[in-house]
Every structure is written in structure tokens, then in C-alpha cells.
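The values are calculated or read from the model by the stated rules, or taken from the named source; none is laboratory data. If you're wondering where the values come from, they're calculated on a predicted model, not measured in any experiment. No Cβ is skipped: glycine too gets one built from the backbone with ideal geometry, and neighbour counts run over all protein chains shown. The protein model used for the area step is the full one, side chains on, heavy atoms only, and it has no ligands, DNA or RNA in it. Shrake-Rupley method; radii C 1.70, N 1.55, O 1.52, S 1.80 Å.
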Amino acid sequence: MKKLIALVLLVAVTSMSFAQKNEVKAIEKALKNSNFGDAKSAVSSADALLGNMDDKTKAKFYYLKAQALYADGQGSDADVDEAISTLDKLKDLESSMGKLRYTEDANTMKTGMISSFLTKANDAFTSKNYKVAAKGFEKVYRMSPKDTLYLYYAATSSVSVPDYDTALDYYIELKNMGYSGEKMNYYATNVDTDVEETFGDKSSRDLSVKAKLHKDPRDVMSEAKTAEIVKNIALIYVSQGKNEKALGAMADARAENPDDIGLLLSEANVHLKMGNRDKFKALMEEATEKDPNNSELFYNLGVLAAEAGNNEESLNYYKKAIEINPNYVDAYNNIAVTILSGEAAIVEEMNGLGTSSADNKKYDELKEQRAQLYSDAIPYLEKALELKNTNIDAARTLMNIYSAIGEMDKFKAMKAKIETMEASAGGN
């Protein structure tokens, strides 16, 4: 009886082994004919026998399964993800076996997949299909974790969808790994074309310079993306109503980088979005101390002061912005707007006066005040129009002022200028 049982077991094992090999051969045959549907069906059948496969057969099966699921780039997202994990299983298995029969083929396949994913992701991003781009860039990163830049691209693409939940996951992953995005870039000028070119690494650039094919080598560190990542994490939290998390993320980042003005401004923007204007102003003022030559900081403080009704303070900030950047068109515009904002109160008081001699005297005084407002605003409007000759709002305001103060030649010239602007705009 024992011999009979042993014989039955031997037959069962032999049958099992024969079935495994048949299923694997079926996958192989389907793949040779590029019949990925049949290959995938055969994979399902073989998967049921996986527990009884020897390591050699299992390694071959993993390689074929990955090909069947990838389907030469036509597989579904889920199938492609499984194909990637199957290749990893193959490499782990053969590494433990100490025999790399299919690992080299798997690496070649993986390289081809990465190249294909990257091409598709770039094409999708260019055509503004950001959802497809995000998935593609993530796949490239998962297959090549050292290339962290692609996870950053995936996050950026997700923001553009917009898919903030997915973007948040990517950004948090980047933050936790300490990703900064900083990278040394190597440049040199082509001797023949006199055009500066980028090199993949320092050694190849230096060799080309040594061979006198290039000249004027220079190394440039790319800008860190730490502040942007933390800012986006915080802003997504704000959009989700998770303000405490937003401020927590910003506080952590600033604690590590107390002198990073980008992070300081990001925190200020979070407070502005949350309606914390006093805190926003305090942080902006801190930023001007750290970066006193940043005209935009002073301009933003001017806007904030104007919104709060502090016109004198607002004008001082705008004038500081112009002092730093004499071509700051918006600052000139806003100075004029702030000056002219006092006109409404003057006109209201004028309209409320009676006909007594005292009222007439007061009327004349108010009329002079209004004329002075116009006189004060004119230079800033003229400068704004000089810097941007399509600034139709400045032109219209000037036209009305010229009319009000009786400068009829200037009024007619500005009226003609506006008509030309409108005709030009209508033709575009």
C-alpha cells in the first residue's frame, strides 16, 4: 500500500510539473505572436500553479508574466503596475538563487519601459494632459527611485490637473525624503557654434574643454525647490480646510531654514489665504528686512495698507517699490489710484454745501483740493503710460483729468490715443 501511495504521489507531482510547463509554454507562444490577450489568460492559469513551481520555472514565469501584462506598452495602468512589481519579484528571486538567468533581460525590459513612460509623460504634459503626465512620471520614479526629479514632476502635473489629493501625497513623500531639487548643472560654449551647451556630467564637459571643442566652462547650481514643496503642501491643506496642518508644515520648514525668504513668503501667503492679515503684514515686513531690495515685497505691503484704508502708509510702500525698481508699472498705477481715492470724499462734501458765502468759500477750497489731487496723480499716470503704452485705464483716467482741469489740448491728444488703442485692440 505504501508503494502504491508513493507511486500515486509521483504521478501527481509529475502531472503538476507537466501542467506548469505547459502553461508557461502557452504564455511564451502567445507572446511570440504578440497575442497579449491569450498571454494574459495563460498567465492567470499559471498563477494558480505558482506555489508548486520550482525557482527556475518561477523565474521564467515572472519574466513572461511581466511581458504579458505590459503588452508592449498597451496594458492597463493596473496591469503595468503589476508588471513592474513582477519584474522586481524576478530580480529578488534570482538574487536569492544566485543565478541571474532572466535578470539582465528584465533590466533591458525595464529600461525600455522607463523610456516609453517618460516619452508619453512628456508628450502628455506638453499637450496639457496633466493627469496622464502625472501617472507617467510617477511610474518612471517608481521604476527608478534614484530619479526623484520625476516624482516632483508627478506632483507638479497633479497640481495642474488639478488633483490636489494626489499632489499632496507626492509632495509629502518628497518632503519626507528631504528632496531639495538642487543639482549642479555643467555648461560650456561650443567653439564652432559659439552656443552654450549643457553636459550630463562634469567629466564629459571637462574632457570636451580639454579637447578644445568647448570653452568657458561654468557650473551652476539649480534653484532649490524646498520652499515651493512646503508652500504647496500648506496651500493644499488650506484648500482642504486643514489650516493647523498648513501652518505646522510651514513652521517645520522654517525651523530648518530660518533664513529662507521663499519659505517666509510662503507662510505669509498661507496666512493671507486664511484671512490673518495682521500676521501676513508682520511676515511681509520681516521679509523686507531680510530682502530690502525686493520691490515686489514693498508693493504687496502697499496693496495691503490700501485695502486697510491706510493711504499714507500705502503710498510710502509704493514709492519705496519705485525707488528700488523705477520701471514698476503697477506701483505707478496704484499710487495714482490711491491719490485719487480721496476725490470721492471731496466731491461728496462739495455736493452737500449750500449757497451761502461761507459755503461758496468752502466749495472753492474743496475745488482746489480736488485740483491738487489731479495734479499729484498726473505724473504717476503719465509714467505708467510711458512704461506701458497699451495701458488704456491710465490713458482714460488722464483724459478725464485733463478735461476736468481744462487742459483741452492734452485732452484731445489723449482721446485720440485711446481711440487708436481701442482700434488696435478690436483688430486683434
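Quick rundown of the values:
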| read-out | value |
| --- | --- |
| Angle in degrees between helix 103-126 and the longest Cα principal axis of the chain, rounded to the nearest 10 | 20 degrees |
| Nearest-10 value in Å² for the accessible area of Ile405, using the 1.4 Å probe | 70 Å² |
| Unsatisfied cross-links (Cα-Cα over 30 Å) in the set Lys202/Lys231; Lys91/Lys210; Lys40/Lys120; Lys91/Lys202 | Lys202/Lys231; Lys91/Lys210; Lys91/Lys202 |
| Per residue accessible area of the range 308-428, 1.4 Å probe, in Å² | 60 Å² |
| Heavy-atom SASA rank of Glu267, Glu182, Glu382, Glu256 (probe 1.4 Å, accessible area, largest first) | Glu256, Glu182, Glu382, Glu267 |
| Under-5 Å amide H pairs with Glu197, H placed in peptide plane, nonlocal only | Ala188, Thr189, Asn190 |
| Simple Cβ-charge dipole of the chain, Lys/Arg +1 and Asp/Glu -1, about Cα centre, in debye nearest 20 | 2440 debye |
| Gain upon complete extension [Lys99, Ile405; 0.36 nm per residue less C-alpha separation] | 100.8 nm |
| Net lengthening on full extension, Asp364/Ala255 (0.36 nm per residue, minus Cα-Cα) | 33.3 nm |
| Above-threshold pairs, the threshold being 18 Å between Cα atoms, out of Lys60/Lys99; Lys245/Lys273; Lys362/Lys410; Lys175/Lys225 | Lys362/Lys410 |
| Nearest 10 degrees, 0 to 90: helix 149-160 Cα axis against the chain principal axis | 50 degrees |
| Expected 222 nm ellipticity per residue - DSSP helices of 4 or more, -39500 (n - 2.57), all of the chain, to 500 | -24500 deg cm²/dmol |
| Per residue value of the accessible surface for the range 91-166 (all protein chains in place, 1.4 Å probe), Å² | 55 Å² |
| Solvent-accessible area per residue for the range 171-234 (1.4 angstrom probe, square angstrom) | 61 Å² |
| Accessible surface of Thr288 - all protein chains present, 1.4 Å probe, nearest 10 Å² | 20 Å² |
| For Arg101, solvent-accessible area (1.4 Å; no DNA, RNA or ligand), Å² | 130 Å² |
| Taking the range 41-170 and dividing mean pair separation by its residue count, relative contact order in percent (alpha carbons under 8 Å, at least six apart) | 15 percent |
| Within the accessible area of the chain (1.4 Å probe), percent carbon and sulfur | 50 percent |
